[in-house]
Every structure is written in structure tokens, then in C-alpha cells.
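Taking it in order: structure first as C-alpha cells, then the write-up.
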Amino acid sequence: MGSTESQRELERRILGEVPRLRAFLRNLAGEEADDLVQETIARGLRYRSAFRPAGSLVGWMTRIAFRVFLDHRARAARAPEALGEREREIAAPETMGLDDREEIDRRLAVLSDMEREILLAFHRDGRSIAEIAQRRRMPAGTVKSHLHRARRKLGRRGPTQRDAGGTEAG
Amino acid sequence: MSMGDERFWARVHAILDERGDPLDDPEVLAQVGERPDLLEELAAVLGTLRRIPAIARPDRVHAAGRRRARALAAVAGVLLLVAAGALVSRLAGERPKTSGTPQVEAAVAPAAPAGRVLAYRIEVSIESPGRRLAWVSESSGRTITVSEESAPAVVTEGLACVGPIRTRVETLSGRMR
């Protein structure tokens with residue numbers, strides 16, 4: 001395969017990463033994911049000559065996407081915050097679309113009842129581990145075990161996870 | 001899962017338990033920089049946790065229902081008061097010198113801050129010895145006399161009946177009947 005042809009093939013593979021990168025960046029950046037995907041793809045194409053064909057394109061693009069996300073976060077942290085911005089955020093928590101809701105439901109569905117209840121008590125209701133332990137009459141260490149196990153399960157990629165295309169070994 | 005993974009996740013959990021952001025931690029960043037698979041898994045965890053607060057709490061859903069019911073009750077109370085006022089003024093205007101006093105009682109409820117009355121329709125009937133009056137008042141200002149049976153009589157006692165109050169309540173989240 002000639003050089004131009006291999007470059008075209010790489011470009012095609014980079015563009016094929018869009019759905020997976022979108023899901024990845026959506027997890028990190030929420031609604032701003034689309035802009036970050038665009039920037040990630042642009043960087044990937046710009047620096048494609050740095051990609052080693054023997055390496056994993058998935059890993060390479062994921063690292064670029066993460067770098068783009070960190071840059072975006074740093075820029076956002078430096079940007080002056082409009083007066084009242086914080087209050088608006090508190091007053092209006094992130095809203096979820098139907099797809100998001102289904103995704104969350106799917107992830108929560110793999111948890112046991114105990115894991116789900118403890119996870120929601122901590123991350124949704126804002127209860128402390130000590131408070132949950134007291135309510136459930138169990139040691140704080142047990143609450144932590146359930147909580148940690150629940151979090152790990154949330155991160156595991158299920159077969160039905162949306163936007164889970166473009167898998168590549170590596 | 002390697003020991004490295006276990007240490008990584010222990011670190012992540014410890015930060016999350018303190019309600020911190022693992023992506024602010026240099027150790028975590030260093031690890032995920034080397035391991036895109038860990039990074040994707042961590043992103044999936046953080047993405048889910050970030051969206052969890054948006055899941056409605058069942059008790060809040062019930063509380064919203066209770067708030068709507070309270071608002072409706074308050075509006076009904078206000079309407080009852082309006083009806084009672086209209087009744088009293090009508091009695092005062094039409095009644096000849098009587099010895100009796102219509103007994104009208106109305107519960108006064110505080111106005112609901114989240115709702116306002118858009119329209120109302122009140123059916124009122126007054127019965128007294130020798131006389132019966134019935135009319136309908138609407139929020140448009142229209143008053144329809146349904147029936148009037150006049151007979152010369154001295155009113156010694158009054159009774160007011162306020163018919164079913166039909167309300168339409170507008171809340172911040174939409175309209176309901």
C-alpha cells in the first residue's frame with residue numbers, strides 16, 4: 001500500500017473513531033462533547049504522521065481526546081466566571097435527554113438493589129458514608145465496599161452500550 | 001486486574017469518597033495517560049456519576065404532587081372567599097329590612113405562590129323563607145340568573161350554597177385542570 005493510500009486509510013480510520021470518541025468525551029464533558037470531538041479529530045488528522053502504524057489507534061485517539069478535554073477544562077478554569085453563574089448551576093442541575101436517561105438506567109440496572117441504593121444515596125442525595133451506614137445499620141466499611149463495587153460496575157462496558165463502535169485491539 | 005489497577009481504583013474511590021475530582025489528581029492523571037483503557041473506564045464511571053444527580057428522587061416527585069394539591073386547595077379557598085363576598089354584597093343590596101342575617105362562612109386559605117386563577121365559575125343559590133335565588137357568576141364578569149322566585153316575605157334566615165367551583169390552575173410547570 002502506497003504512502004498516500006495508507007494516509008487515506010488512516011484518515012478514514014480516524015474519522016471512524018468519532019462515535020466512540022463522542023461517547024468518551026460525553027462522559028467527561030457532557031454537552032460540550034461535540035465541540036471537543038471536532039477538535040480531537042482535527043488534532044488527530046493534523047498529527048497523523050506521528051501515529052505509529054504498529055500502535056493502537058484507539059489508544060492514540062483516546063489520549064488526544066483526553067488532552068483536548070484537559071485543555072478545555074484548563075481554559076474554562078481560567079475564564080472569568082460571570083456573576084451568578086454558580087447559582088444558576090446549582091439551581092438548574094444538568095438535565096438529561098432520553099438517550100442519556102436510558103444509558104444511565106442501563107448502567108444502574110447491572111447493580112444489585114443494595115449497590116444502587118447506596119450509590120444513589122451518596123451521589124444523588126448527598127448523604128455521607130457515615131450517615132448511610134447509620135441508616136442501614138451496617139459498618140461504614142461495608143457501605144464503602146458496596147459503593148466502590150457499584151462505581152466499578154458503572155465503568156464496565158456493556159454489550160449494549162450506545163456509541164460503542166470502532167473497537168480496536170491494543 | 002493487576003495490582004496497579006487496584007491501586008489506581010483505590011485512589012479514585014478515595015477521592016470520590018471525599019467528593020473530589022479524580023481528574024484533578026496528578027497520580028490518577030499520570031496513570032490514565034499511560035493506560036487509555038483505564039481512562040475510558042474512568043470516564044464511563046465519572047460520566048455516569050455526573051448524570052446521577054439529575055435522576056429524580058421518588059420522594060421529590062411525590063412532594064411535587066403534594067405541592068400541586070396544596071396550590072389547588074389554596075386556590076379553591078380563595079374562590080370560596082370570592083363567592084362568599086359576592087353573596088354578602090348581593091344580600092346586602094337586595095334584602096329588605098330583615099331581622100335575620102345570612103350565615104356565610106368561608107375558609108380563607110393563603111394564596112398559592114406558584115399558581116394563579118385563570119378562570120372561575122361559581123353557582124350560587126340562596127334560599128330564605130318565601131324566596132329562592134340562584135345565579136351563576138363567571139370570571140368574565142357575566143352573571144346569569146338561573147331562577148328567581150320572589151314572594152313578599154321577611155327574611156329571617158339565610159342559607160347560601162356555593163356550587164362546585166371549577167378551577168383551572170396554571171403552575172410553573174404547565175397547566176392542569
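The values are calculated or read from the model by the stated rules, or taken from the named source; none is laboratory data. None of these values were measured; they are calculated from a predicted model. Reconstructed Cβ throughout: ideal geometry from the backbone, glycine too, with neighbour counts over all protein chains shown. Quick note on the areas: whole protein, heavy atoms, side chains included, nothing else; ligands and nucleic acids left out. Shrake-Rupley method; radii C 1.70, N 1.55, O 1.52, S 1.80 Å.
Which residue is surrounded by the fewest Cβ atoms within 10 Å (Cβ to Cβ), if the candidates are limited to segment A:118-160 and must be part of a helix (DSSP H, G or I) and basic (Lys, Arg)? So that I can check it myself, show each step before the final result.
Initially, segment A:118-160 is screened for residues part of a helix (DSSP H, G or I), giving A:118-123, A:129-136, A:140-155.
Right, trim to basic (Lys, Arg) and you get A:135-136, A:144, A:149, A:151-153.
Numbers: A:135: 12, A:136: 15, A:144: 18, A:149: 17, A:151: 24, A:152: 16, A:153: 19.
Going through the qualifying residues, I end up with A:135.
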Self-check item: Qualifying helices (runs of 4 or more DSSP H) (wholly inside segment A:48-115; at least 1 residues being of a type in the set (Ser, Thr, Tyr) and at pLDDT 90 or above)
Solution: A:57-78
Quiz item: Taking into account only those residues within segment A:24-58 that are away from chain B (no Cβ under 14 Å) and of a type in the set (Lys, Arg), which is most open to solvent (accessible area, probe 1.4 Å)?
Solution: A:52
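Considering only segment A:118-136, state which residues are small (Gly, Ala, Ser) and either within 15 Å of residue B:54 (Cβ to Cβ) or touching a helix residue (DSSP H, G or I) at 6+ places or on another chain (Cβ under 7 Å) (or both).
Of segment A:118-136, the ones small (Gly, Ala, Ser) are A:121, A:126, A:128, A:130, A:133.
Hits for segment A:118-136 are A:121, A:126, A:130, A:133.
Could you tell me whether segment B:28-40 includes any residue that is away from chain A (no Cβ under 11 Å) and open to solvent by less than 20 Å² (accessible area, probe 1.4 Å)? Walk me through it before giving the result.
Of all residues in segment B:28-40, those away from chain A (no Cβ under 11 Å) come to B:28, B:30-31.
Now drop any that are not open to solvent by less than 20 Å² (accessible area, probe 1.4 Å), which leaves B:28.
Checking segment B:28-40: at least one residue is away from chain A (no Cβ under 11 Å) and open to solvent by less than 20 Å² (accessible area, probe 1.4 Å).
Kindly establish whether residue A:157 is modelled with pLDDT under 95, more than 23 Å from residue B:37 (Cβ to Cβ) and not hydroxyl-bearing (Ser, Thr, Tyr). Spell out the reasoning first.
Details: modelled with pLDDT under 95: yes; more than 23 Å from residue B:37 (Cβ to Cβ): no; not hydroxyl-bearing (Ser, Thr, Tyr): yes.
Criteria not met by residue A:157.
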Self-check item: Neighbours by Cβ (under 9 Å, 6+ apart or cross-chain): first from segment A:27-45, at pLDDT below 95; second part of a helix (DSSP H, G or I) and among the polar types (S, T, N, Q)
Solution: A:27/B:48; A:33/A:27
Quiz item: Hey, among the residues in segment B:6-20 that are within 11 Å of another protein chain (Cβ to nearest Cβ) and out of contact with any helix residue (DSSP H, G or I) (no Cβ under 7 Å at 6 or more places or on another chain), which one's modelled with the lowest pLDDT?
Solution: B:6
Quiz item: So which of B:112, B:119, B:71 ends up being modelled with pLDDT under 75, touching a strand residue (DSSP E or B) at 6+ places or on another chain (Cβ under 7 Å) and either within 10 Å of chain A (Cβ to nearest Cβ) or not in a helix (DSSP H, G or I) (or both)?
Solution: B:119
